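The structure appears below as structure tokens.
Only the coordinates and a few stated rules stand behind these numbers; no lab work does. Predicted, not measured: the structure shown is a model, and the values here were computed from it. Using ideal geometry, Cβ is built from the backbone for each residue, glycine included, and neighbour counts are taken over all protein chains shown.
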Amino acid sequence: MSDTLTADVIGRRVEVNGEHATVRFAGVVPPVAGPWLGVEWDNPERGKHDGSHEGTVYFKCRHPTGGSFIRPNKVNFGTDFLTAIKNRYVLEDGPEEDRKEQIVTIGNKPVETIGFDSIMKQQSQLSKLQEVSLRNCAVSCAGEKGGVAEACPNIRKVDLSKNLLSSWDEVIHIADQLRHLEVLNVSENKLKFPSGSVLTGTLSALKVLVLNQTGITWAEAHAQCGGSRHGLDMQKDASKFVDLCVLQKCSTSNCIISAKDHTSMWMNVAKVLRCAAGCPGLEELYLESNNIFISERPTDVLQTVKLLDLSSNQLIDENQLYLIAHLPRLEQLILSDTGISSLHFPDAGIGCKTSMFPSLKYLVVNDNQISQWSFFNELEKLPSLQALSCLRNPLTKEDKEAETARLLIIASIGQLKTLNKCEILPEERRRAELDYRKAFGNEWKQAGGHKDPEKNRLSEEFLTAHPRYQFLCLKYGAPEDWELKTQQPLMLKNQLLTLKIKYPHQLDQKVLEKQLPGSMTIQKVKGLLSRLLKVPVSDLLLSYESPKKPGREIELENDLKSLQFYSVENGDCLLVRW
Amino acid sequence: MRECLSIHIGQAGIQIGDACWELYCLEHGIQPNSVVLDRQQDQLENAKMEHTNASFDTFFCETRAGKHVPRALFVDLEPTVIDGIRTGQHRSLFHPEQLLSGKEDAANNYARGRYSVGSEVIDLVLERTRKLAEQCGGLQGFLIFRSFGGGTGSGFTSLLMERLTGEYSRKTKLEFSVYPAPRISTAVVEPYNSVLTTHSTTEHTDCTFMVDNEAVYDICHRKLGVECPSHASINRLVVQVVSSITASLRFEGPLNVDLIEFQTNLVPYPRIHFPMTAFAPIVSADKAYHEQFSVSDITTACFESSNQLVKCNPRLGKYMACCLLYRGDVVPKEVNAAIAATKSRHSVQFVDWCPTGFKVGINNWPPMVMPGGDLAKVHRSICMLSNTTAIVEAWARLDHKFDLMYAKRAFLHWYLREGMEEAEFLEAREDLAALERDYEEVGQSF
């Protein structure tokens, strides 16, 4: 729509046949005459080159096929907010299209639309619109000042995702005019944050801010903002509401950063946070898929945030979480698909509660790399945790292990009320805790556990691995020995008695060792021995003695009874005479 | 005018009812103490406000004190579940006389629900119904919530329906019935109860929306990330669908504004009154805002089997009638485009004798979800009600299970002891076989 290629066209977001791109260059590209726009596509494979043509570099792209040159008239610069709303919601007065109804059929029968006319009339009353969705409507600016406020002041929720908004300023120009705005979604817009200006209004009613896939990366932020000077200011205004979101700046904490020039950065970060008046009432913040890297602790922003969604940000690691650990109202934290494998709360010892995440009630860690049980022991330290979702982690992946995993998690975290969206009923908790107590009973004993509290001296190692064990012992009593006896599997070899066979009258015969089942009858034993010794069965007299009772010999006189009947045990000695 | 009375019978009916009224209150801005939220009556100039007031009337009765009391009755033959409501969050929403409980339950036995235990309570229930009906200026009809498999849900409902037809012969009766599923059932005799109740209720109901527990269980497990779906999770999802179906009754909407319209739009023959429901989008709360669902996305989705509430394959059957109700931020232009673009529509086959095809309506009131639930709030949703011959699959499955047990007369003595006769079983089974044949017949070409 803009035919004047002024310098301010650079950085604008455009759309060409459904594909979105950012303008990086405007001017002439010899030898071809006429004005050209150099664009960097969102889709890195869409372009033909990386911004250079016949040796000359006109602009830079991240990918070798990320750029193209296009004629300005083929490019859609987008439209303003108000026009977009009218396009979508207002009944077109034009006679041509709506009267000529195209009859759509499903299954050879016509589709009858009912009441569409009245709906269209209703929706045309823009001033009554409360929930507006302008996704993928090529919105690029707010339009004339005050236009939005006049036409549709009652909008409470607006979805501006996947549009052509190129800077945060534009977003503010729109949002500022909507006094009652509660939910703002600007996902999938590549926003640029200009330096300098102070924002004119705060979005005081804003409760929910969605910034998923705004895709700002460290390098881009760096490049777009023209170097390190203002590298962080991009967030300056966003930080009014968002702050933490796309800052991948260096910080004073112990994060590992692959930043290029972070000394000047961190000064700006501090400034940024200080400038951030904050959206006073922001409750929910969504930052999915942004390659975010938390670098600084929010001191007076985000203090009212209840829900923080950091899913699919692979650069997040547990150390960064310390920076958001003191948000006072944070109740729900979503860390799905972030590659997290462990969590630590070093300020709390075993069995104590941490001061971090004081209000956190619901934690989501699906699709991560959790493979250690110690993860759940750490979660036990959270003071308010009530619900946990932990699906599709290496630890809980296999189906047959899932049930055991569930019981172990329940037993490890005492105050958990809901796991994987299933309420934990008291019976289930009891079963889980008893199972846990029994499963680790032997370990407990070996680590120094004892029923008698005086004699109970558990190793540090055990206490770290099983912090709740003591508590379970108090609740259900220390595990008894009989509970802990491991059942020998019922295999035949476990039921065989290893017996020595001695021949008291024949001193030159060697002592044999044989394995016989306890259920073998004396008759059969005699048969076996008779074949061995070449002595007829009727001549054999058997008895046995046990090392437990030396000197006492017990006669095995009833042929029909088994060795078990006579309580012959492992290690006893059979005495054969003939 | 045009009031609807909801009757919730048995454990399933009551638990669904509890969730249902909670959602309705949320949608209409009614607090747990029956008072309308101030926020809805704020300074916003909104012509819809008038509509809001009007819509209260269909489902809520306004008392002189300004409280809005649901037009509902909760009935069970044993007190435990109803006590849950009496002591629950919404206890002040209902008048104590609306919560009726007996002392001895039906023990998953149709015969007890219908004959022995049920007959003791029926008169009281009818009396209360009369009282509620008197409060209505122009009662349209009844919405009955119950399960097929339970004792009260099957037996007592049959008894009640018979008597309601006697007393209110001109009023429409719609049912929301829970079809039994092995994964969540606790009773082996559910097939018996289901067949018996279907036989006795079919002639008294005008339209039955079936909800297969198995289908909903799968949806909760796969799409919502619920590890072991409990009744609570399942009910929350079912209630979203119920809300969509009744949306036009409660808010000004174009399609299915009257109970009788459901009949005229969806039921070609009196016995063929079991539409299949599909609902989209179903998004987990943990993934809110991760994906955006446009009008065309949800239109395609509702033709998918994973979004159906009854397990059957519509591609194997023929459609006799279908309604698509959009809800929320939906623009007519987009609906037309979406429908034209849906590839799945080519696999839709209608019966020859039906002149009309799909009916599509939009209700601009946004869908709401219960806070703390499994579902994410979405901008728009769609509910598809289709009367398809493919639903006969569900009956076939049920009949098969019935036959397996009946062949051996297994568990029959529980019913015979309460005074039933084998003849009734045979009659019921015959009736369902006839129903299956009816479906086959309507699906045939000329």
Please arrange A:Lys353, A:Lys485, A:Lys451 by counting, for each residue, the other beta carbons lying within 10 Å of its beta carbon, fewest first. A:Lys485, A:Lys451, A:Lys353
Size of the stretch B:396-444 as Cα extents on the principal axes (Å, biggest first): 42, 18, 11
Using the beta-carbon distance between A:Ser459 and B:Ser306 and R0 = 41 Å, what value does 1/(1 + (r/R0)^6) give for FRET efficiency, to the nearest 0.05? 0.20
Alpha-carbon gyration tensor eigenvalues x 5, square-rooted, for the protein assembly as shown, Å: 60, 47, 28
Computed log₁₀ I(q)/I(0) - Debye formula, equal Cα scatterers, no solvent, chain B, q 0.07, 0.08, 0.11 Å⁻¹: -0.32, -0.43, -0.84
Provide the FRET efficiency to the nearest 0.05 for the B:Arg417-B:His231 pair, computing r from the beta carbons and using R0 = 25 Å. 0.30
Over 10 Å intervals from 0, what percent of Cα-Cα pairs in the stretch B:198-338 sits in each interval? 10, 36, 39, 13, 1
Mind checking B:349-360 for the average number of partner chain beta-carbons within 10 Å of each residue's beta-carbon? 4
DSSP bridge pairs, the protein assembly as shown: antiparallel proportion in percent, nearest 5: 45
Estimated inter-spin distance, B:Leu316 and A:Trp373, nm [label 7 Å along Cα→Cβ]: 4.7
Modelled label-to-label distance, B:Asn33 and A:Ser124, 7 Å Cα→beta-carbon offset: nm? 4.5
Extended-chain gain in nm, criterion 0.36 nm per residue less alpha-carbon gap, A:Leu560 and A:Lys475: 25.5 nm
Once the in-chain neighbours fewer than 8 apart are removed, the lysines whose Cα is under 22 Å from B:Lys131 read B:Lys67, B:Lys171, B:Lys173
Average beta-carbon neighbours from other chains, 10 Å sphere, peptide B:226-237: 3
Just checking the output field for B:364-372: average partner chain Cβ neighbours within 10 Å of each residue's Cβ? 2
Taking neighbour counts of Cβ atoms within 10 Å as a proxy for exposure, in what order, fewest first, do A:Ser133, B:Ser92, B:Ser147 appear? B:Ser92, A:Ser133, B:Ser147
Fewest first, what order do B:Ser306, A:Ser562, A:Ser295 take by the number of other Cβ atoms within 10 Å? B:Ser306, A:Ser562, A:Ser295
Once the in-chain neighbours fewer than 8 apart are removed, the aspartates and glutamates whose Cα is under 16 Å from B:Lys359 read A:Glu101, A:Glu112, A:Asp117, B:Asp258, B:Glu261, B:Glu334
Would you mind getting the Kirkwood hydrodynamic radius of the stretch A:308-361 from its Cα pairs, rounded to one decimal in Å? 11.9
Over 21 Å between Cα atoms: which of A:Lys417/A:Lys485; A:Lys361/A:Lys421; A:Lys451/A:Lys485 fall into that group? A:Lys417/A:Lys485
Quick note, the stretch B:281-340: a/c under 1.5 would make it rounded; otherwise a/b > b/c is prolate and the rest oblate (a ≥ b ≥ c, C-alpha gyration tensor); here it is oblate
Using the alpha-carbon centroid of each, what span in Å lies between the stretch A:354-408 and the stretch B:274-352? 36
Only helical DSSP H runs with n ≥ 4 go in: add -39500 (n - 2.57) per run for the protein assembly as shown, normalise by residue count and round the 222 nm mean residue ellipticity to 500 deg cm²/dmol. -9000 deg cm²/dmol
With a Förster radius of 30 Å, plug the Cβ-Cβ distance of B:Met1 and B:His90 into 1/(1 + (r/R0)^6) and report the FRET value to the nearest 0.05. 0.70
